[in-house]
1. Accessible area per residue for the chain in Å², computed with a 1.4 Å probe and the full protein assembly in place, what is it?
2. Most fluctuating residue of LEU83, LEU44, LEU22 in a GNM of the chain with Cα springs under 10 Å: which is it?
3. Select from TYR87, TYR54, TYR46 the residue whose mean-square fluctuation is largest in a Gaussian network model of the chain (Cα-Cα springs shorter than 10 Å).
4. For the chain, which whole-number percentage of the solvent-accessible area (1.4 Å probe, protein heavy atoms only) is attributable to carbon and sulfur atoms?
5. So if each residue of separation counts as 0.36 nm, and I subtract the Cα-Cα distance between SER43 and LEU71, what length gain in nm does that give?
6. Could you grab the relative contact order for the chain? Cα pairs under 8 Å, six or more apart, rounded to a whole percent.
7. First measure r as the distance between the Cβ atoms of PHE34 and ARG99, then evaluate 1/(1 + (r/R0)^6) with R0 = 25 Å and state the FRET efficiency to the nearest 0.05.
8. In the chain, which longest range has no trypsin sites (Lys or Arg not before Pro) that are both DSSP loop (not H, G, I, E or B) and surrounded by at most 15 other Cβ atoms within 10 Å?
Amino acid sequence: MLLRPGLENQEYSFMFPHLDKLIHFTIFFLLGFFFRLRFPKTSLLYFFLILVSYALLTEILQDIMKLGRSLEVLDAVADTLGLSFSYYIYNKYEKFQNRI
């Protein structure tokens, strides 16, 4: 999905400007949350090293592969924000589960 060629905001009628940033945020939020579910004892440092490296690698590959996508710094920012929010939400989820 992240490397798939796309026509920016013209594929479907419901698309709007910067929808791709929302999609990046959502994909990396889900990736981060499920990563924490699977590896709950992973430290914050390793969490970010592994997943931000993956985010940066996908951005670099988009540029190298020349399939209609390009490296965008704001995509990497959206990825990182999604990961940060997932870490925060998972911590809230874990505290809630421990109360029950």
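1. That works out to 69 Å² per residue.
2. LEU44
3. TYR46
4. 70 percent
5. 7.3 nm
6. 42 percent
7. 0.65
8. 1-40
The values are calculated or read from the model by the stated rules, or taken from the named source; none is laboratory data. Keep in mind it's a predicted model, so treat the numbers as computed, not measured. Ideal geometry is used to build each Cβ from the backbone, glycine not excepted, and the neighbour counts take in all protein chains shown. Please note that ligands, DNA and RNA were not included when accessible areas were found on the heavy atoms of the full protein model with its side chains. Shrake-Rupley method; radii C 1.70, N 1.55, O 1.52, S 1.80 Å.
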